[in-house]
Amino acid sequence: MTQPKTTLPNARTTPRFAGLCTFGRYPRLEDVIPEHRPVDWAIVGSVYDCGVTYRPGTRFGARAIRDESQYLKPYHIEHDLMLTEVFSLADAGDAPLDLFNAENNAKVLAEHLASVADPQSKVMMLGGDHSNTLGALRAAHERAGKPSGGLAMIHFDSHVDTVDITMGEKYSHASPFIRAVEEGVLDPKRMLSVGVKGPLNTRDDLNYAKDHGVELVTYENWRREGTKRIDAFLNRLGDDPCYFTFDIDCVDPVFAPGTGTPSVGGFTSAEALELVRHIARAHPAGGPNLVGADVVEVLPDRDVAGNTALLAAHVAFEILCLSALAQRG
C-alpha cells in the first residue's frame with residue numbers, strides 16, 4: 001500500500017465533528033511532519049470582501065468552506081486517485097488583509113501568498129470576493145518564475161470580470177482580470193472563461209474579452225456545442241503554467257444560493273463537477289500544469305443548509321485532483 005503524503009485523522013476513530021476545523025481535515029501547516037515537507041499545496045483563506053458590487057459577506061466564505069469540508073474524503077472514484085498519496089497538503093490559515101482598500105489588499109495578499117509555506121508549494125485560495133484573485137495571480141506568477149507573457153488561466157464564472165471602472169473604482173471583484181492583463185501576469189490569449197451568462201449591463205460588456213483574445217464559452221455555448229471549444233483550448237494550452245479560478249456563481253443559484261451576485265440559468269452542481277473532471281480527460285497530458293488556484297464568492301448568509309460551501313469544498317478538491325493527475329501523468 002502506498003504511504004500517504006498527507007496525514008489525516010482516521011474518520012472511523014476520530015469523528016469528523018471533532019478537532020480543529022482545517023480544510024479537508026488536512027494538517028495545519030505548522031503541524032506537517034518533516035518527511036512531508038515541502039508541501040505540494042497550501043490552502044489559504046482570503047477573508048476580504050470589500051470589492052463586491054452587490055451583496056457583501058464572502059469574508060466568511062473560507063470559514064464556511066472549511067466547515068463543510070470536514071466530510072470531504074480523499075479518494076476520487078472517477079479518477080481512481082487517492083489525493084493524499086500524491087500530494088502533501090496543508091491548511092496554512094488565513095491571509096492578512098487591508099479591509100478598506102481593494103488596491104492595497106491585492107498587494108498585501110500577493111506578498112503573503114508568494115511567501116507562504118515552502119518555495120515549491122502551490123496555493124489554493126478560498127475566498128472572499130473575486131478581487132482577491134488579482135493578488136493570487138500575482139503570487140502564482142512569481143512562484144512560477146514570472147513566465148514571460150503571463151500565466152494562462154481557466155476561469156469558471158457567470159461574469160468575465162474585465163470591467164475597467166465600477167463606481168469610480170478600478171479595483172473590485174468586477175475588474176481583477178483587466179488589471180492582471182495590464183500588469184502582465186495574465187495572458188488573455190490563453191484565458192478560457194466558462195459559464196458566462198446574462199443578462200448584462202450593456203452590449204459592450206464582453207468587448208474587452210473578445211478584443212483581447214479570451215476564449216469565451218458562455219453557458220448557452222456549452223449547452224449547444226458541448227465541450228468542443230474547451231477541448232480545443234486545452235490542446236493549445238499544453239504544459240503552459242496555468243491558474244484555475246472558480247467563481248461559485250457560475251452554478252445556478254438553485255444549487256448554489258450562497259453567493260453575492262447570483263445569476264440564474266447556470267450549471268447544476270453535477271454539471272460543474274463533471275466539467276472540471278472533463279478537463280483532465282480532454283487535456284493531452286492528463287491535466288493542466290496548475291501553478292495556483294482559487295474558489296471564491298461563497299456567501300454563507302445566503303446559503304441554504306451549507307449547500308454552496310459544501311459544493312465549493314468539492315470543487316477545490318476536484319481542482320487539486322486535476323493537479324495530481326497531471327503530476328501522476
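Throughout, read-outs are computed from the coordinates displayed, never taken from laboratory work. Everything numeric in this text was worked out from a predicted model, so none of it was measured. Glycine gets a Cβ as well: all are built from the backbone with ideal geometry, and neighbour counts include every protein chain shown.
Here are the numbers:
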item: Range in the chain, longest, excluding exposed trypsin sites (Lys or Arg not before Pro) [loop by DSSP; at most 11 other beta-carbon atoms within 10 Å]; result: 13-202
item: DSSP H segments from the chain that extend 15 Å or more along their own axis, Cα-based, with Kyte-Doolittle mean of 0.0 or above; result: 269-282, 307-328
item: Cα centroid separation, region 235-289 to region 6-85 (Å); result: 19
item: Descending semi-axes in Å of region 23-328, equivalent ellipsoid built from Cα gyration tensor; result: 25, 22, 20
item: Links that overshoot a 22 Å alpha carbon limit, given the list K107/K170; K5/K73; K122/K228; result: K122/K228
item: Ordering of 313-319, 126-132 by burial proxy (mean other Cβ atoms within 10 Å per residue, highest first); result: 126-132, 313-319
item: Helix-only mean residue ellipticity at 222 nm for the chain, each DSSP H run of n ≥ 4 adding -39500 (n - 2.57), per residue, nearest 500; result: -9500 deg cm²/dmol
item: Percentage, to the nearest whole number, of Cα pairs in region 176-219 over 12 Å apart; result: 63
item: Charge dipole of the chain about the Cα centre (unit charges at C-beta), most positive-ward option of G198, L325, M167; result: L325
